[in-house]
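Undergrad: Below is one structure. I have some questions about it.
The values are calculated or read from the model by the stated rules, or taken from the named source; none is laboratory data. Everything numeric here is computed off the predicted structure, so don't read it as measured data. We place every Cβ from the backbone using ideal geometry, glycine too, and count neighbours over all the protein chains shown.
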Amino acid sequence: MIRMLLRVLGDEYARPMRRTVALMTVTAVLEGLLYALLVPVLRALFGSTPSDAWPWLIAFAVGVAVYAVLRYTSDLSGMRVGTTMLRGMYHGLGEHLARLPIGWYNAARVGEVSVMASRGLLAAMGVSAHLLGPFISACVTPLTIVAVITVFNWQLGLAALVAAPLVVLTQMWTARLMAVNDADNAARNNEASARVIEYLQAQPVLRAGGRSGERFSLLDDALQGVEQASRRQTMSVLPGAVGLTLIVQAVFTAVLVLGTYLALGGDIGAAEVLAILVLAARSADPLLSLSDIGGKLRTARAELDRLDRVLRTEPLPEAAQPVRPERFDLEFDGVTFRHGDRAVFDGVSLSVPQGQRLAVVGPSGSGKSTLLQLIARFYDVDAGAVRVGDVDVRQIDPAVLMSQIAIVFQDVYLFDGTIEENVRLGRPDASEAEVRAAATAARLDEVVERLPGGWSANVGEGGASLSGGERQRVSIARALLKDAPIVLLDEVTSALDPVNEAAVHDGIERLMAGRTVVMVAHRMRTVQRADRVVFIDDGKFVEQGSHDELLRRGGRYADFWSLSMVPGVSE
Amino acid sequence: MSATHSVEAGEQSTPSSGGTPTARQPVSTGPLLRPHAPSFAVVVVLQVIGAVAGLAPLFAVIEVGRALLSPGPIDSNRVWTAVILGAIGLFVRLVFTGASSGLGHILDGKVQLSLRRELARSLGQAPIGWLSRRRSGELAKVVGDDVAAVHPFIAHAPGELVSAFVVPLVSLVYLLTIDWRLTLITLIPVVLAIAHVPLLMTPARNRAQEDFDAAMGRIATSVVEFVQGIAVVKAFGGSERAHRKFLTAADDFVDIFTRWVRGVSAVAAGMQLALSPPFVLLVVLIGGTVRITSGDMAPVDLLPFLLLGLGLTAPVAALGHGFDDMQAAGRAVSRIREVLGVGTLPQSARPASPQDNRVELSDVRFSYDDDGPEVLRGIDLVLEPGTLTAVVGPSGSGKSTLVQLLPRFFDPTDGAVRLGGVDLRDVDTRELYRRVSFVLQDVRLLRASVADNIALAVPHATPEEVTRAAQLAHIHDRILALPRGYDTVIGEEVKLSGGEAQRIAIARALAADTPVLVLDEATAFADPQTDQAVRQTLATLRDRTVLVIAHRLETVADADLVVMLDEGRVVEQGRPNDLLAQDGRFAAFWRTQQSAVADDSEARGQVLQGDLSR
């Protein structure tokens, strides 16, 4: 547990962590030793001259004072290490997330990462701030007490010591049982939360089918699954918790019986046996709290596990000696790329000379967007190579590669900020005039004029306050401002109505001028103006050539083309 | 910013008058818990019996002590009886607390299930407009995490809190009967600890708590931005910016947290110290020694204080211990109640049945916010059965809002939408959806088989009907190519493209076979096949009442009625040719569209020639 915590933290925080653990251990041992003074104090009090207790009591008071200082210091130290760690973990997570390949990010990641950044990190911190101290003291103090008992009476000490291995065994056993059910529980919970989101998003359709609440069995089954899993978990944890209690109580009873027997036989003084029984009672409570603390630690551990998994995901490797491409032609050389166990591309090749335009056409799901993503190195290929200016993209410094490529995505994501900030993202050091020029070229100026607040109008989270077409214009202005030699366009105009499409097209034309362009498109007008067309189906480059050549060939592309031109209604 | 856009984006603040739910006030969770009350009682009783029985061994030690320390011969029978009773007490405690804890957790699972079901029911009746303005992630968090956060409330609080008070109370009474002065001395640590509590509840502390929540919220927002914008971040080298924002939010949070902890931790540590066993023992021993040496108390009477005195601190410790959890649970409960309090779209007490399938909008006005701008400003429109009505207009003119009134995602702020002469508000929801189906831009498929997805609105559809709908929607062949055909589970066994999903949605609408169809032609992600599917669908539906947001000139040209919308008003309506002849707004709009797609027509000419030359 602590080892994983230290790994998640990194070496930097390991030392203060270790110091805190040491401090907590010393405090717990001291607590146990202090109780030893109970024996002489009671011996005096139960004896003929009770006032003999005073020197021992003064010693006890001094001990408590030292204990107080240690305890206070270790409590504060635990919290301080916790908060320092928290900062360290946030920075570590942030740096790591920025380096992870884009391929790692998918729809489910938003939830996962945000849970991690809130609950996960706090749980990890809580281990040090709230759980570690009680856990150490619950383990160490009873052990010290047992040692103390042994010093006074070895039989009773031995009887108490029996508890130690049994407690450790039940704890391990419970942990194993829980781990099995934890996974099941987490899976059920994920399933249920996915079903809830689906249920919410599909409300209009579901209502049309008259299905709501319990009548929507997909959701209700998932909710019941959660309940059953939690019931199973309860049932699986219960034996452990009851077992622990049973062991502690049985050992206490044994000590009680044995102590009574020894005292009755006169083998041990009344004061000693009573002091020992008080001590035994004293060590039972912390042991019983172990099952509670253990449960919390295991929950925190699950969070740490998830954090650890993310932190151990490898970012794309960076070249030791990066090469800077001098030209901007593109080449796919025998590229194989798998997504999961499905081969998206299997040994495909193509090339785009510098300054030319390649249109990528094909049915949906054929791998068109993936092709663009491989050029921008959102993923690495499994075999073969993608080259820019004859240099493998893996040999190029990622920052340099990105500076050579402008991408316009189908779904535009804008940052919550002003329009100007979002455009400026393309080139932060651009002058005012350059930003304005890019905006005019993308016909964004029309949009800006209409908006209350103009240039400083806020676009909302993800650009929510702009329409799809308006967002697209922002992203084109951004790409224009970036002025990169390679341009990648992903179905830029498919989601637009004709008016916006016309506006966006003007911008796109300016963006493409004189650059190497790869575009995924289905509007045939765009395709027609490309120098070359590649028709993709099922990850294969079925046909390549100019638009006219492919039409004349009368193959798949020609079919596709004629289909898209059929005026449907009049049929 | 036009209102249509904001709806499309799905985010706006308060519920509107149009979609205002009947104000069910924040619902209490009480009635939901009432059926479980007897079980709660059992949990508490078992726990209390167990906890009190747990005192038995301590009493046994005390008895043994009394016997051992009493002058004269030891009554060994009395000693063994005490020991046996103590052992029995322990056993009772084991059985009862175990049973209580198990029952409590099972009860917890049941309560959570019924809360979730109730939430699902409530969400399933909330106005669509209300739902569209909430992030589904947030609502899912209420159904998932927030309900789970109630756990300590249900599984732990009743038993543990009650026993945390009952046990010390029993001990206290017992100790008072032995020596009330030493009892008071024993309470000194408790008083010291309680004296710390006000320090934890200062206004500054509360403010710190609010800052803490706010800072946590900023982290969540910056994470969402970080993750969702990661592609842009990487592509535009903006990683600095987003990264910095995240780190700033994180640093901010840690600063606030540190300040909060620093304020709390000294106090908390002090409190812990006052309650720590060595300190309590020290106080008891000093007090006891004073009483014993002065001869006011028998030495053996110190024993109960040593054994039970520590237990007196339990309630304070329990309060401190469970406080955070309970506060979190309280916040979660208030979010749950908010969702349960969302009313349904008003349902008519006496639903009427529409006479036919004529749709009539009369003086319909609509705004998303009570004081917000009107998106629709007095729309009068009649959709005759068997006609195709095409709505056109610039973006932001209110088209999307208009079509969403037909399936009653919203109610108009003013005026009425009538189906077969009956106000939609008086039509039973089931009846409404038997008559109106829709294919809107935002296609949602369920993680269920293809067949189930198509038959969603008609659960008892035959396989033949499903297949026919799929054929009409041009998706049948694609489905057959899937691993398990119509039984393939979407989202698990296959991920469909946007266009394919849209064709499934079209098939779904066709399977529903309703007399009224609402269609948004803005075919996002569309590919040629989907385009064709949409057009063919329109062609086969000539006997229906069809309302379509048209983007293709072919659709517009084929419509029986064209409605030109601008800024929430109908600026022109009539037959397409008549409107062109008028040379008004529509004609101008038509020309800009035509120039926008001029190249497509060019291209078509070419391909036709190509066909001929072959």
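Undergrad: Here are some conditions: (1) within 12 Å of chain B (Cβ to nearest Cβ); (2) over 30 Å from B:THR429 (Cβ atoms); (3) surrounded by 16 or more Cβ atoms within 10 Å (Cβ to Cβ); (4) not aliphatic (A, V, I, L, M). A:GLN228 meets all but one. Which one does it not meet?
TA: If we test A:GLN228 against (1) within 12 Å of chain B (Cβ to nearest Cβ); (2) over 30 Å from B:THR429 (Cβ atoms); (3) surrounded by 16 or more Cβ atoms within 10 Å (Cβ to Cβ); (4) not aliphatic (A, V, I, L, M), just (3) comes out false.
Undergrad: Any idea which residue in segment A:339-361 is surrounded by the most Cβ atoms within 10 Å (Cβ to Cβ), counting only those that are at pLDDT below 85 and on the phi < 0 side of the Ramachandran plot?
TA: Among residues in segment A:339-361 that are at pLDDT below 85 and on the phi < 0 side of the Ramachandran plot, the one surrounded by the most Cβ atoms within 10 Å (Cβ to Cβ) is A:VAL344.
Undergrad: List the pairs whose first member sits in segment A:234-245 and is at negative phi, whose second member is part of a helix (DSSP H, G or I) and of a type in the set (Ser, Thr, Tyr), and whose Cβ atoms are under 6 Å apart, counting only residues at least 6 apart or on separate chains?
TA: These pairs meet every condition: A:GLY240/A:THR170; A:GLY240/A:THR174; A:ALA241/A:SER291; A:GLY243/A:THR170; A:LEU244/A:THR170; A:LEU244/A:SER291.
Undergrad: A:GLY82 is checked against (1) buried (at least 18 other Cβ atoms within 10 Å of the Cβ); (2) assigned by TED's automatic domain parsing to the domain that holds A:ALA254 and fails just one. What number does that condition carry?
TA: Among (1) buried (at least 18 other Cβ atoms within 10 Å of the Cβ); (2) assigned by TED's automatic domain parsing to the domain that holds A:ALA254, the lone unmet condition for A:GLY82 is (2).
Undergrad: Provide a single number: the residues in segment B:415-446 that are of a type in the set (Asp, Glu) and touching a Gly at 6+ places or on another chain (Cβ under 8 Å).
TA: Matching residues across segment B:415-446 total 0.
Undergrad: Take A:ALA383 and decide whether it is in the same structural domain as A:VAL520 (by TED's automatic domain parsing), modelled with pLDDT of 90 or more, buried (at least 17 other Cβ atoms within 10 Å of the Cβ) and under 21 Å from A:ASP538 (Cβ atoms).
TA: no
Undergrad: Restricting attention to strands (runs of 3 or more DSSP E) lying wholly within segment A:303-397, give those where 2 or more residues are in contact with a strand residue (DSSP E or B) (Cβ under 7 Å, 6 or more places away or on another chain) and either within 30 Å of A:ARG7 (Cα to Cα) or polar (S, T, N, Q) (or both).
TA: Passing ranges, in order: A:342-352.
Undergrad: Next question, about the same structure. Has segment A:103-126 got any residue that is crowded, with 17+ Cβ neighbours inside 10 Å, under 30 Å from B:LEU281 (Cα atoms) and at pLDDT 80 or above?
TA: Taking every residue of segment A:103-126 in turn, none turns out to be crowded, with 17+ Cβ neighbours inside 10 Å, under 30 Å from B:LEU281 (Cα atoms) and at pLDDT 80 or above.
Undergrad: I've got another one for you. Sort out which residues of segment B:493-516 are over 24 Å from B:ARG544 (Cα atoms) and within 11 Å of chain A (Cβ to nearest Cβ), and write them in order of number.
TA: Listed by number, the residues that qualify are B:VAL494, B:LYS495, B:LEU496, B:SER497, B:GLY498, B:GLY499, B:GLU500.
Undergrad: Something else now. Search segment B:456-488 for residues being small (Gly, Ala, Ser) and touching a Ser or Thr at 6+ places or on another chain (Cβ under 9 Å), and hand back the single one that is surrounded by the most Cβ atoms within 10 Å (Cβ to Cβ).
TA: B:ALA473
So that you can scan it fast, the table gives a plain yes or no per residue for (1) within 28 Å of the chain's Cα centre (by Cα); (2) facing chain B (nearest Cβ under 9 Å); (3) in a helix (DSSP H, G or I):
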| position | (1), (2), (3) |
| --- | --- |
| A:ALA194 | yes, yes, yes |
| A:ILE197 | yes, yes, yes |
| A:ASP221 | yes, no, yes |
| A:LEU238 | no, yes, yes |
| A:VAL257 | no, yes, yes |
| A:THR260 | no, yes, yes |
| A:ALA281 | no, yes, yes |
| A:LYS296 | yes, no, yes |
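Undergrad: Could you tell me whether B:ARG430 is within 14 Å of B:ILE128 (Cα to Cα), modelled with pLDDT under 85 and in the same structural domain as B:VAL571 (by TED's automatic domain parsing)?
TA: No: the conditions fail for B:ARG430.
Undergrad: Just one of (1) over 30 Å from B:PHE438 (Cα atoms); (2) at pLDDT below 85; (3) surrounded by fewer than 19 Cβ atoms within 10 Å (Cβ to Cβ) trips up A:ARG215, so point out which.
TA: (1)
Undergrad: Cβ-Cβ distance below 8 Å, separation of 6 or more or different chains: which pairs start in segment B:429-449 with a residue that is small (Gly, Ala, Ser) and end on one that is buried (at least 23 other Cβ atoms within 10 Å of the Cβ) and modelled with pLDDT under 80?
TA: Taking only residues 6 or more apart or on different chains, the pairs are B:SER437/A:ALA208.
Undergrad: Still on this structure: Could we say that B:VAL534 is buried (at least 23 other Cβ atoms within 10 Å of the Cβ), within 9 Å of another protein chain (Cβ to nearest Cβ) and either modelled with pLDDT under 75 or not in a loop (DSSP other than H, G, I, E, B) (or both) here?
TA: Considered against the rule, which asks whether it is buried (at least 23 other Cβ atoms within 10 Å of the Cβ), within 9 Å of another protein chain (Cβ to nearest Cβ) and either modelled with pLDDT under 75 or not in a loop (DSSP other than H, G, I, E, B) (or both), B:VAL534 comes out as yes.
Undergrad: Criterion first (more than 10 Å from chain B (Cβ to nearest Cβ), at pLDDT 85 or above and farther than 30 Å from B:ASP301 by Cβ) does A:LEU23 satisfy it?
TA: Considered against the rule, which asks whether it is more than 10 Å from chain B (Cβ to nearest Cβ), at pLDDT 85 or above and farther than 30 Å from B:ASP301 by Cβ, A:LEU23 comes out as yes.
Undergrad: Here are the criteria: (1) farther than 19 Å from A:ALA61 by Cα; (2) part of a helix (DSSP H, G or I). Tell me which single one B:LEU310 does not satisfy.
TA: (1)
Undergrad: Are there any pairs with C-beta distances below 7 angstrom linking a residue in segment A:320-339 that is within 15 Å of A:ILE375 (Cα to Cα) to a residue that is in a loop (DSSP other than H, G, I, E, B) and of a type in the set (S, T, N, Q), with the two at least 6 apart or on different chains, and if so which?
TA: Once the first residue is within 15 Å of A:ILE375 (Cα to Cα) and sits in segment A:320-339, its partners that are in a loop (DSSP other than H, G, I, E, B) and of a type in the set (S, T, N, Q) give A:ARG327/A:GLN354; A:PHE328/A:GLN354; A:ASP329/A:GLN354.
Undergrad: At pLDDT 80 or above, in a helix (DSSP H, G or I) and among the hydrophobic types (A, V, I, L, M, F, W, C), is that true of B:PHE257?
TA: When the stated conditions are applied, B:PHE257 passes them.
Undergrad: Go through the residues of segment A:172-188 one by one and say whether even a single one is part of a helix (DSSP H, G or I) and more than 28 Å from the chain's Cα centre (by Cα).
TA: Looking for residues that are part of a helix (DSSP H, G or I) and more than 28 Å from the chain's Cα centre (by Cα), one finds at least one in segment A:172-188, hence yes.
Undergrad: How many residues does segment B:436-474 hold that are part of a loop (DSSP other than H, G, I, E, B) and hydrophobic (A, V, I, L, M, F, W, C)?
TA: So the count comes out to 11.
Undergrad: Return the residue satisfying two criteria in turn: it lies in segment A:513-541 and is under 25 Å from A:PHE345 (Cβ atoms) and in a helix (DSSP H, G or I), and of such residues it is modelled with the highest pLDDT.
TA: Of everything passing the filter in segment A:513-541, A:VAL527 is modelled with the highest pLDDT.
Undergrad: So, in segment B:485-503, how many residues would count as being in contact (Cβ under 8 Å) with a residue 24 or more places away in the chain, of a type outside the set (A, V, I, L, M) and assigned to a loop (DSSP other than H, G, I, E, B)?
TA: Residues flagged as in contact (Cβ under 8 Å) with a residue 24 or more places away in the chain, of a type outside the set (A, V, I, L, M) and assigned to a loop (DSSP other than H, G, I, E, B) within segment B:485-503 amount to 4.
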